[in-house]
Amino acid sequence: MGKTDDSQQTRSRWAPILLFAYNRPEHLRRCVESLLANSLAAESDLFVFSDAPRSEDDKPGVEQVRAVVRDIKGFRTVSIVERDTNWGLARSIIDGVTRLVEQRGRVIVVEDDLVVAPYFLKFMNDALDVYEDEPQVGHIQACDFTQDPSLPETFLIKWTGSWGWATWQRAWQHFNPDGRQLLQQLEERGLTHTFDFNGKYGFTRMLRRQIEGKNNSWAIRWNASLFLNDILSLNVGRSLVSNEGFDGSGTNCGGGGLYASHLFLQPLEVQKISPIEENLGARKAFEKYYARTNSFWAKAKRRIIRTLKGDFGA
């Protein structure tokens, strides 16, 4: 399956970092460089999962990525898993997170198109410590793309983002990979409208498309799994993650600045929020964001702009 360099007997007290890569070596380099700018990187164990090419066209990029991965230094340990066949991101993340939370109890997860702020690892580890024994909190999300100034520095919400996140084994045990079961529960409990931020974004549609094989999103299933269990996510109103993948290079690209974020370059303090309940003001801010960016006219405007630029994709 792969090869590892994890020979040290003692484990770091910091959460292991899981990095998932495919065929974009330059994105990967920027991601690794940004992680290494974190002071905790040298004390953290890095696990890199390199997927195999889907086609011959992807093979050179995968080989370049693996060359970059084998040269990574600066972390406490570097463990490498090179897939022999193409697993796809969803299967790879589900497998990697499941194995590592069972071994280490907690994980921090990044993908190769993310750039993180210098205090990203400190924030994630602090949050994992502060909320470790709080069963109502199951996810930590360090990216904010709403750019809504009304959001507090940290808040709790029933929604999970997938760009720079962390969780614990106690929460991951709620993950249900069966999209059909998740959709059935949402519909039977009359929760689809709420799940979709009062109809402002089609998360239910995304789940249906996963069931139909039109996407292979692990993230929509994770989102629904925690939502159905009334488990909250700790989110940030100051972004510690920037997604650089909306440049046409990725599998799920697009965006046109839709999910742009400005990196917050200062430490972000983690104080336990009390009481543990959803911030309804933050939920309203997300609803407003999706209403503004996901309306018919907003989508039409983006399509016109892409067409004028010569992008005739879907």
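The values are calculated or read from the model by the stated rules, or taken from the named source; none is laboratory data. Since we're looking at a predicted model, the values are computed, not measured. All Cβ positions, glycine included, derive from the backbone under ideal geometry; neighbour counts span all protein chains shown. In case anyone asks, the SASA skips ligands and DNA or RNA and just uses the protein heavy atoms, side chains included. Shrake-Rupley method; radii C 1.70, N 1.55, O 1.52, S 1.80 Å.
Observations
- Evaluation of ARG170 against (1) surrounded by fewer than 19 Cβ atoms within 10 Å (Cβ to Cβ); (2) in a loop (DSSP other than H, G, I, E, B) (one fails), failing number: (2)
- Search result, residues across region 191-213 that are surrounded by 15 or more Cβ atoms within 10 Å (Cβ to Cβ), assigned to a loop (DSSP other than H, G, I, E, B) and free of Cβ contacts under 8 Å to residues at least 24 places away in the same chain: ASP196, GLY199
- All conditions in (1) in contact (Cβ under 8 Å) with a residue 12 or more places away in the chain; (2) assigned to a loop (DSSP other than H, G, I, E, B) hold for GLN64, with the sole exception of (2).
Rundown of residues vs (1) touching a residue at least 40 places away in the same chain (Cβ under 8 Å); (2) not in a helix (DSSP H, G or I), yes/no style:
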site: ARG54; (1), (2): no, yes
site: VAL69; (1), (2): yes, no
site: ILE72; (1), (2): yes, yes
site: SER79; (1), (2): yes, yes
site: VAL101; (1), (2): yes, no
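- Here the condition is being in contact with a Gly (Cβ under 8 Å, 6 or more places away or on another chain) and β-branched (Val, Ile, Thr); of VAL115, VAL78, VAL110, it holds for VAL110 alone.
- Condition met for LEU89 (modelled with pLDDT of 95 or more and open to solvent by less than 20 Å² (accessible area, probe 1.4 Å)): no
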